[in-house]
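**Student:** Before I ask anything, let me first share the structure, which is written out below as structure tokens.
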Amino acid sequence: MKRLRIVLFSALVFLSGCVGMVTSPEGLEGAPATLVPRSGTYMDLVRLPRPAAPILAAVYDFRDQTGQYRPQPASTFSTAVTQGGAAMLSSALADSGWFVPLERVGLQNLLTERRIIRANLERSGREDELGSLLAARILMEGGIIAYDSNMKTGGVGAEYFGIGSSTQYQVDQVTVNLRAVDIATGEVLSSVTTSKTVYSYEVRAGVYRFVSFRRLLEAEAGYTHNEPVQMAVMSAIESAVIHLVTQGIDRGLWNLANPAESNNEILTAYRDASAPML
């Protein structure tokens with residue numbers, strides 16, 4: 001009888017803790033909006049050595065070219081990857097300090113507003129006050145070219161007398177391509193393809209056993225962690241921008257403000273990462 005009480009008490013404590021963890025609004029509801037967390041790739045991006053002069057770059061689009069949709073039962077209409085690649089690329093270009101991204105995704109909206117301003121200026125005879133739009137030197141092209149699911153899956157579990165636990169994991173991969181195109185000639189100056197894994201795992205534990213005649217104890221708890229796909233896409237784009245800067249320096253496409261920084265630790269690390277393996 002004493003043993004039964006101990007088992008029941010332990011189960012109640014276990015379940016109450018699980019219920020509190022699941023239903024507690026702390027950290028789940030009412031949390032204030034925050035800036036998007038950034039990865040180590042972003043830290044490398046903002047710590048790049050400075051350029052001799054920032055390069056004007058146009059970004060028209062950075063599309064999802066995978067054609068992948070989320071698996072059932074999530075949705076048959078929701079895509080597996082974000083459709084905001086152009087916004088992520090523009091942000092990464094600006095944060096690098098090497099490029100000045102020019103608005104081209106919303107170009108029609110921009111031109112409409114300029115027409116409104118010009119009409120107002122013409123009424124007062126000041127139409128020459130509105131300057132021309134900046135022309136880009138480099139066109140950034142590319143997109144999200146692959147999303148591979150279940151590249152690796154696995155798990156482990158054990159159970160003894162109705163008490164057990166298990167864990168499972170899954171590894172996906174997203175791949176992006178970024179190209180720098182010379183607008184004057186149409187030549188592809190540099191092309192970079194980067195990939196980032198998307199890691200998910202699940203941990204479960206449970207009890208299922210008779211504690212006495214006609215008395216069954218059943219309890220289960222677990223949690224899952226799914227790395228956000230958009231964070232993986234953002235990291236892959238940031239890595240592509242760093243590789244693009246590194247390749248451009250090595251090929252003489254653009255110059256450092258301080259040539260002595262050509263062996264900067266970040267440039268060296270990404271230069272080594274792109275070197276072919278023998």
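**Student:** Got a number for residues in segment 162-175 being under 17 Å from residue 204 (Cβ atoms) and open to solvent by 30 Å² or more (accessible area, probe 1.4 Å)? Break it down into steps so the answer makes sense when it comes.
**Tutor:** So the first thing to find is which residues in segment 162-175 are under 17 Å from residue 204 (Cβ atoms), and the list is 162-170.
Those left that are additionally open to solvent by 30 Å² or more (accessible area, probe 1.4 Å): 163, 165-170.
So the answer is 7.
**Student:** Out of curiosity, is residue 262 in contact (Cβ under 8 Å) with a residue 12 or more places away in the chain, closer than 26 Å to residue 149 by Cα and of a type in the set (Gly, Ala, Ser)?
**Tutor:** no
**Student:** Related question: From the list 227, 265, 202, 220, which residue is open to solvent by 20 Å² or more (accessible area, probe 1.4 Å), touching a Gly at 6+ places or on another chain (Cβ under 6 Å) and over 15 Å from residue 98 (Cα atoms)?
**Tutor:** Within the list 227, 265, 202, 220, the selection yields 220.
**Student:** Then there's this: Run down 197, 193 and say which single residue is farther than 30 Å from residue 137 by Cα, within 20 Å of the chain's Cα centre (by Cα) and in contact (Cβ under 8 Å) with a residue 40 or more places away in the chain.
**Tutor:** Being farther than 30 Å from residue 137 by Cα, within 20 Å of the chain's Cα centre (by Cα) and in contact (Cβ under 8 Å) with a residue 40 or more places away in the chain holds for just one of 197, 193, which is 197.
**Student:** Next question, about the same structure. Please give the number of the condition residue 169 fails out of (1) among the hydroxyl-bearing types (Ser, Thr, Tyr); (2) over 24 Å from the mean Cα position of the chain (by Cα); (3) over 30 Å from residue 56 (Cα atoms).
**Tutor:** Just one mismatch for residue 169, condition (2).
**Student:** Take the residues in segment 116-145 that are touching a residue at least 40 places away in the same chain (Cβ under 8 Å) and not small (Gly, Ala, Ser), then tell me which one is nearest to residue 103 (Cα to Cα).
**Tutor:** Filtering segment 116-145 for residues that are touching a residue at least 40 places away in the same chain (Cβ under 8 Å) and not small (Gly, Ala, Ser), the one nearest to residue 103 (Cα to Cα) comes out as 134.
**Student:** Could I ask something else about it? Which residue out of 66, 82 is out of contact with any helix residue (DSSP H, G or I) (no Cβ under 7 Å at 6 or more places or on another chain), in a loop (DSSP other than H, G, I, E, B), open to solvent by less than 40 Å² (accessible area, probe 1.4 Å) and at pLDDT below 90?
**Tutor:** Among 66, 82, only 66 is out of contact with any helix residue (DSSP H, G or I) (no Cβ under 7 Å at 6 or more places or on another chain), in a loop (DSSP other than H, G, I, E, B), open to solvent by less than 40 Å² (accessible area, probe 1.4 Å) and at pLDDT below 90.
**Student:** Given (1) under 30 Å from residue 174 (Cβ atoms); (2) in contact with a Pro (Cβ under 9 Å, 6 or more places away or on another chain), where does residue 255 come up short, assuming only one miss?
**Tutor:** Tallying (1) under 30 Å from residue 174 (Cβ atoms); (2) in contact with a Pro (Cβ under 9 Å, 6 or more places away or on another chain), residue 255 fails exactly one: (1).
**Student:** Here is a list: 45, 15, 28. Which entry is in a helix (DSSP H, G or I) and at pLDDT below 65?
**Tutor:** Exactly one of 45, 15, 28 is in a helix (DSSP H, G or I) and at pLDDT below 65, namely 15.
**Student:** Also, I was wondering about something else. For segment 230-262, which positions are open to solvent by less than 30 Å² (accessible area, probe 1.4 Å) and acidic (Asp, Glu)?
**Tutor:** Selection gives 238 alone.
**Student:** Which one of the conditions (1) surrounded by 15 or more Cβ atoms within 10 Å (Cβ to Cβ); (2) over 20 Å from residue 85 (Cα atoms); (3) in contact with a Ser or Thr (Cβ under 8 Å, 6 or more places away or on another chain); (4) of a type in the set (Gly, Ala, Ser) does residue 195 fail to meet, given that it meets all the rest?
**Tutor:** (2)
**Student:** Could I ask something else about it? Taking residue 113 as meeting all but one of (1) at pLDDT 90 or above; (2) open to solvent by less than 90 Å² (accessible area, probe 1.4 Å), write down the number of the exception.
**Tutor:** (2)
**Student:** Here is a further query. Report the residue count in segment 146-161 for those that are open to solvent by 70 Å² or more (accessible area, probe 1.4 Å) and touching a residue at least 60 places away in the same chain (Cβ under 8 Å).
**Tutor:** Result for segment 146-161: 0.
**Student:** Would you be able to say whether some residue in segment 126-149 is over 28 Å from residue 248 (Cα atoms), modelled with pLDDT under 90, part of a strand (DSSP E or B) and not aromatic (Phe, Trp, Tyr)?
**Tutor:** Scanning segment 126-149, I find at least one residue that is over 28 Å from residue 248 (Cα atoms), modelled with pLDDT under 90, part of a strand (DSSP E or B) and not aromatic (Phe, Trp, Tyr), so the answer is yes.
The values are calculated or read from the model by the stated rules, or taken from the named source; none is laboratory data. These figures come from a predicted structure and were not determined experimentally. Reconstructed Cβ throughout: ideal geometry from the backbone, glycine too, with neighbour counts over all protein chains shown. Keep in mind that these areas ignore ligands, DNA and RNA; they rest on the heavy atoms of the full protein, side chains included. Shrake-Rupley method; radii C 1.70, N 1.55, O 1.52, S 1.80 Å.
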